[in-house]
Amino acid sequence: MESEISTLSRIPSVDEILKTPAAQQAVTRFGRPRVVDAIRHATAAARRAMGSGEAVAPAADTLSADTVAADATAWLEADARPHARAVFNLTGTVLHTNLGRAVLAEAAIEAATIAMREALALEFDLARGQRGERDAMVRGLLCELTGAEDATVVNNNAAAVLLALNTLAKGKEAIVSRGELIEIGGAFRMPEIMARAGVKLVEVGTTNRTHEKDYAAEIGPKTGLILKVHPSNYRIEGFTKSVPAGSIAALARASHVPLLNDLGSGTLVDLARYGLTHEQTVAEAVAEGADLVTFSGDKLLGGPQAGFIVGRRELIARLNRNPMKRALRIDKIRLAAIEATLRLYRDPDRLTERLPTLRMLTRPLAEIEALAARLKPAVAAATGAGFAAEAIACASQIGSGSLPSETLPSAGIALHAVGARGKGRALAGLAAALRTLDRPVIGRIENDALILDLRCLADEAAFVRNLATLRGEERN
Ligand SMILES: *Cc1c(COP(=O)(O)O)cnc(C)c1O
């Protein structure tokens, strides 16, 4: 009892702490209620610490008002760091789903900013002065770039597939090859999406081989559509056979059943012209005869999260009449960013300059290597004697299931823990310390090293400044 009273008496009162210069400054930055709250937390923590300490030295168990004010301010500062803050993506995966996929083009950022700040003709026909359609902002561009008759846009590609399935095959069957019953990370599993869309899944063929006759045998009065899914994030190799979309399209047409081709990533240009591996373009998928083609906005296309559906006019009109469309539609900010991104595709020669995703994918190896050589000393200095830094060759990935078996030769810095033991712990500790920086640095651990792949590093100076704040104590 006695010791409790004496402990309390050694902690200054909230009023006393509030009068300190540090607390006064905190009040102007964070507001009085937040500061009072933080002081209460800090004093409570101090009380708990003192209460639990048995033999505390007299000097150490007296708490000054300034110390509590400083603790409270530090807590408020840490808490004020936004969750949505920039990180350095040095994972080597350009389109990293967990890091927000595509980074937008400047033109898209400007368009989105205007859309946020001002009123805009979102569903308003400026020529006629009447209510217009939301999709009109991007429909023309999508048709122009894909050769499709009509187009619409929803929240993401998962939504695009859901809407198409529900509209064309609710209460009916959808035929899919067993080799294409995909799962994309985060619970997007084709069979489950089908169930939610009210569609009965009819699997044809086997995991490794599906023939045209397998599709033909299942087409009947209950068939709502045939679904072709691009194997985005895996490859089936060896004794395999799948039916090209063109052949399925012919079969579908002959049977009066629509073909939906889910391209996943989808690209609007031939990537081979930039030295990358050719990935089927949306225009090619449309030309092959798919009735509808779906693809993502924030994968290879390099725009904001969105799902596009392009194809036959009459089918797109049906999608737009589905009440689900309203629930899956996108907002004006993204629509504006999409329009600006799509416009960039009208000039493919300047696309690598303007579209960050393509710029990073095509970044010259020599440039990344030079960056690694330049940054090595700064990384070595910041990470200290416990780690050896080495400029290395490494391999980047496109990510988001695009071209899964392709890697891009890249360069970076490998950090090895020095010392006989606890190397794994030391590396994990370093990776954690890098994540606590003002702008967290995210690398990847591979072969007993922390690899910082520099392909996606654009702002070298900011990286060095940020790294210099890595504190020694955080590394241990
Ligand atoms: C990525 C992907 C999806 C999901 O797209 P989101 O835009 O992430 O919703 C669906 N199908 C395929 C084949 C994909 O690759």
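Do we find a residue being over 32 Å from the mean Cα position of the chain (by Cα), touching a residue at least 24 places away in the same chain (Cβ under 8 Å) and farther than 22 Å from A102 by Cβ anywhere in the range 259-279?
From the range 259-279, those over 32 Å from the mean Cα position of the chain (by Cα) are none; that's our starting set.
Scanning the range 259-279, I find no residue that is over 32 Å from the mean Cα position of the chain (by Cα), touching a residue at least 24 places away in the same chain (Cβ under 8 Å) and farther than 22 Å from A102 by Cβ, so the answer is no.
Sort out which residues of the range 333-384 are of a type in the set (D, E), in contact (Cβ under 8 Å) with a residue 40 or more places away in the chain and farther than 30 Å from E118 by Cβ, and write them in order of number. Reasoning before the result, please.
Restricting attention to the range 333-384, the residues satisfying the condition of being of a type in the set (D, E) are 339, 347, 349, 353, 367, 369.
Of the ones still in play, those that are also in contact (Cβ under 8 Å) with a residue 40 or more places away in the chain are 339, 369.
If the condition is that a residue be of a type in the set (D, E), in contact (Cβ under 8 Å) with a residue 40 or more places away in the chain and farther than 30 Å from E118 by Cβ, then E369 is the only one that fits.
Of everything in the range 230-261, what is at pLDDT 95 or above and either within 16 Å of the ligand (Cβ to nearest atom) or closer than 25 Å to Q397 by Cα (or both)? Give them in sequence order.
Listed by number, the residues that qualify are L259, L260, N261.
Which helices (runs of 4 or more DSSP H) does the range 299-351 wholly contain that include 1 or more residues that are closer than 14 Å to L142 by Cβ and of a type in the set (S, T, N, Q)?
Correct list: 313-321, 332-344.
Kindly indicate whether any position in the range 303-319 is without any contact (Cβ under 8 Å) to a residue 40 or more places away in the chain, more than 16 Å from the ligand (Cβ to nearest atom) and out of contact with any His (no Cβ under 8 Å at 6 or more places or on another chain). Give the derivation first.
Applying the first criterion (without any contact (Cβ under 8 Å) to a residue 40 or more places away in the chain) to the range 303-319 yields 314.
Within this subset, residues satisfying the condition of being more than 16 Å from the ligand (Cβ to nearest atom) are 314.
Narrowing further to those that are out of contact with any His (no Cβ under 8 Å at 6 or more places or on another chain): 314.
Yes, some residue in the range 303-319 is without any contact (Cβ under 8 Å) to a residue 40 or more places away in the chain, more than 16 Å from the ligand (Cβ to nearest atom) and out of contact with any His (no Cβ under 8 Å at 6 or more places or on another chain).
When you check T97 against the structure, is it buried (at least 16 other Cβ atoms within 10 Å of the Cβ), under 30 Å from L452 (Cα atoms) and either assigned by TED's automatic domain parsing to the domain that holds R455 or in contact with a strand residue (DSSP E or B) (Cβ under 9 Å, 6 or more places away or on another chain) (or both), yes or no?
On the way: buried (at least 16 other Cβ atoms within 10 Å of the Cβ): no; under 30 Å from L452 (Cα atoms): yes; either assigned by TED's automatic domain parsing to the domain that holds R455 or in contact with a strand residue (DSSP E or B) (Cβ under 9 Å, 6 or more places away or on another chain) (or both): yes.
The answer is no for T97.
Would you call N157 in the same structural domain as E284 (by TED's automatic domain parsing), under 20 Å from E288 (Cβ atoms) and touching a residue at least 12 places away in the same chain (Cβ under 8 Å)? Talk me through it step by step, then tell me what you get.
Numbers: in the same structural domain as E284 (by TED's automatic domain parsing): yes; under 20 Å from E288 (Cβ atoms): yes; touching a residue at least 12 places away in the same chain (Cβ under 8 Å): yes.
Criteria met by N157.
With (1) touching a strand residue (DSSP E or B) at 6+ places or on another chain (Cβ under 7 Å); (2) touching a residue at least 24 places away in the same chain (Cβ under 8 Å) as the list, and L145 as the residue in question, which single condition is left unmet?
Of (1) touching a strand residue (DSSP E or B) at 6+ places or on another chain (Cβ under 7 Å); (2) touching a residue at least 24 places away in the same chain (Cβ under 8 Å), only one is false for L145: (1).
Taking I39 as the residue in question, decide whether it is crowded, with 20+ Cβ neighbours inside 10 Å and modelled with pLDDT under 90. Give the steps one after another, and end with the answer.
Details: crowded, with 20+ Cβ neighbours inside 10 Å: yes; modelled with pLDDT under 90: no.
Spelling it out, it is not the case that I39 is crowded, with 20+ Cβ neighbours inside 10 Å and modelled with pLDDT under 90.
So E218 passes all but one of these: (1) under 22 Å from H256 (Cα atoms); (2) within 16 Å of the ligand (Cβ to nearest atom); (3) not hydroxyl-bearing (S, T, Y). Which condition number does it fail?
All conditions are met except number (2).
Taking the condition within 24 Å of the chain's Cα centre (by Cα), under 30 Å from G289 (Cβ atoms) and buried (at least 16 other Cβ atoms within 10 Å of the Cβ), does N166 pass?
Numbers: within 24 Å of the chain's Cα centre (by Cα): no; under 30 Å from G289 (Cβ atoms): yes; buried (at least 16 other Cβ atoms within 10 Å of the Cβ): yes.
No, not satisfied.
Does L63 satisfy being assigned by TED's automatic domain parsing to the domain that holds L76, over 39 Å from the mean Cα position of the chain (by Cα) and at pLDDT below 75? Please lay out each step first, then the result.
Details: assigned by TED's automatic domain parsing to the domain that holds L76: yes; over 39 Å from the mean Cα position of the chain (by Cα): yes; at pLDDT below 75: no.
Criteria not met by L63.
So, in the range 94-133, of the ones that are hydrophobic (A, V, I, L, M, F, W, C) and without any contact (Cβ under 8 Å) to a residue 24 or more places away in the chain, which residue ends up nearest to G297 (Cα to Cα)?
Here is the first cut: in the range 94-133, the ones hydrophobic (A, V, I, L, M, F, W, C) are 94-95, 99, 102-105, 107-109, 111-112, 114-116, 119-122, 124, 126-127.
Imposing the further condition that a residue be without any contact (Cβ under 8 Å) to a residue 24 or more places away in the chain reduces the set to 119, 121, 124, 126-127.
Numbers: A119: 24, A121: 22, F124: 24, L126: 26, A127: 28 Å.
In this case the residue turns out to be A121.
Considering only residues that are away from the ligand (no atom under 16 Å from the Cβ) and of a type in the set (G, A, S), which ones fall in the range 144-176?
So in the range 144-176, the residues away from the ligand (no atom under 16 Å from the Cβ) come out as 144-150, 167-173, 175.
Of everything in the range 144-176, those that are away from the ligand (no atom under 16 Å from the Cβ) and of a type in the set (G, A, S) turn out to be G147, A148, A169, G171.
The values are calculated or read from the model by the stated rules, or taken from the named source; none is laboratory data. Computed from a prediction, not measured in an experiment: that's the story for all the values here. All Cβ positions, glycine included, derive from the backbone under ideal geometry; neighbour counts span all protein chains shown.
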